[in-house]
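To start, the structure itself, in structure tokens.
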Amino acid sequence: ANYEYIIVAQPEPRVALITLNRPKALNALCSPLFNELNKALADLDADDGVGAVVLTGSEKAFAAGADIKEMKDKEYSDTFKNRFLEEWGAIGKLRKPIIAAVSGYALGGGCELALMCDIILASPTAKFGQPEINLGTIPGGGGSQRLAHAIGKSRTMEMVLTGRHVSAQEAEKWGMVSRVVGEGEGEVVKEAIEMAKTIASKGQIAVQAAKEVVNAAYELNLAEGLRFERRLFHGMFATKDQKEGMAAFFGKEKARVYPF
Ligand code: HXC
């Protein structure tokens with residue numbers, strides 16, 4: 001498909017790369033951009049040739065937030081009637097792992113978009129923030145909830161109530177990102193592609209089940225989560241990957257992996 005605000009590529013076999021491409025507005029997430037992103041992700045999720053997705057922006061900005069121009073004159077009744085931002089929920093329903101490779105600003109909806117991904121890698125230039133408070137509003141794309149899960153109450157309150165930008169190093173210390181990669185242009189995308197390649201080389205039923213159970217930890221209580229994990233674990237014994245994987249261990253061979 002041909003898109004206006006994003007670029008979709010396949011830099012390695014089984015790895016897709018989506019680059020947000022609205023440089024004039026620092027990748028502000030206007031509705032058409034978000035619809036394109038959802039469409040591209042749904043297509044990749046359905047594509048058996050793809051095992052993992054990397055999502056990135058530019059060196060200057062992963063995304064500077066929802067589009068303030070688009071929101072400025074909205075009324076409550078419009079947002080209610082038109083289910084404003086409901087489409088932002090679609091990313092959470094995808095089965096394939098998504099890695100956010102963040103350079104520069106990840107603010108407001110941009111920070112929330114990164115938090116919707118499964119893994120975040122940060123360039124040393126990354127700056128995370130929820131500056132909505134400076135616009136007289138609050139996070140609306142899940143920031144208050146996902147940050148509270150990721151970094152706890154005090155730090156979330158600080159970010160959401162002051163709007164302060166948090167550096168990559170701080171975000172790493174707080175456990176918001178997996179790690180900060182080395183300096184150098186494109187480094188964070190390179191590392192994310194390497195990680196995606198590793199994930200895409202594994203048995204895909206196990207990968208997608210693993211993503212589902214980890215996500216359950218954010219939705220279910222512990223007893224339900226443990227039961228759900230065990231059930232999916234039992235289900236793995238119905239897969240060829242488990243048979244191959246465990247037999248290969250004793251044959252001292254590399255397991256053959258079955259795509260679907
Ligand atoms: C629309 C935006 C934008 C945004 C930047 N631009 N952020 N347009 N929505 N969120 C546009 C600017 O208007 C400007 O356009 C161009 O991008 C470059 O931005 P500058 O401000 O000139 O760049 P700079 O001085 O380098 O400052 C970068 C910045 C600043 C610190 C990131 O742009 C900024 O503070 N942006 C807003 C961040 C923010 O408040 N995000 C939260 C949005 S609310 P022109 O035409 O002048 O060149 C939100 C709600 C989420 O996300 C809830 C639902 C998901």
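In region 41-78, of all residues being of a type in the set (A, V, I, L, M) and within 18 Å of residue 141 (Cβ to Cβ), the one that is most open to solvent (accessible area, probe 1.4 Å) corresponds to 68.
Yes/no matrix, rows are residues, columns are (1) within 16 Å of the ligand (Cβ to nearest atom); (2) modelled with pLDDT of 95 or more:
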{"site": "2", "(1), (2)": "no, no"}
{"site": "14", "(1), (2)": "no, yes"}
{"site": "38", "(1), (2)": "yes, yes"}
{"site": "44", "(1), (2)": "no, yes"}
{"site": "47", "(1), (2)": "no, yes"}
{"site": "55", "(1), (2)": "yes, yes"}
{"site": "58", "(1), (2)": "yes, yes"}
{"site": "62", "(1), (2)": "yes, yes"}
{"site": "67", "(1), (2)": "yes, yes"}
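Filtering 224, 212, 172, 191 for residues that are open to solvent by less than 70 Å² (accessible area, probe 1.4 Å), assigned to a helix (DSSP H, G or I) and among the charged types (D, E, K, R) leaves a single hit, 191. Scanning region 120-145 for residues that are open to solvent by 80 Å² or more (accessible area, probe 1.4 Å), within 18 Å of the chain's Cα centre (by Cα) and within 12 Å of the ligand (Cβ to nearest atom) yields no hits at all. In region 92-113, the condition of being among the small types (Gly, Ala, Ser), assigned to a helix (DSSP H, G or I), free of Cβ contacts under 8 Å to residues at least 60 places away in the same chain and more than 12 Å from the ligand (Cβ to nearest atom) is met by no residue.
When the residues of region 99-119 are narrowed to those that are β-branched (Val, Ile, Thr) and crowded, with 22+ Cβ neighbours inside 10 Å, which ends up farthest from residue 25 (Cα to Cα)? Please lay out each step first, then the result.
Step one: list which residues in region 99-119 are β-branched (Val, Ile, Thr), which gives 99, 102, 119.
Now narrow it down to the ones that are crowded, with 22+ Cβ neighbours inside 10 Å: 99, 102.
Numbers: 99: 23, 102: 17 Å.
Only one residue fits best here, namely 99.
The combined condition, being more than 17 Å from residue 115 (Cα to Cα) and assigned to a loop (DSSP other than H, G, I, E, B), is fulfilled by residue 258.
The values are calculated or read from the model by the stated rules, or taken from the named source; none is laboratory data. What you see is a predicted model, and the numbers here were worked out from it, not measured in a lab. Note that each Cβ is placed from the backbone with ideal geometry, even for glycine, and that neighbours are counted across all protein chains shown. Calculation scope for accessible area: heavy atoms of the full protein, side chains included, ligands and nucleic acids excluded. Shrake-Rupley method; radii C 1.70, N 1.55, O 1.52, S 1.80 Å.
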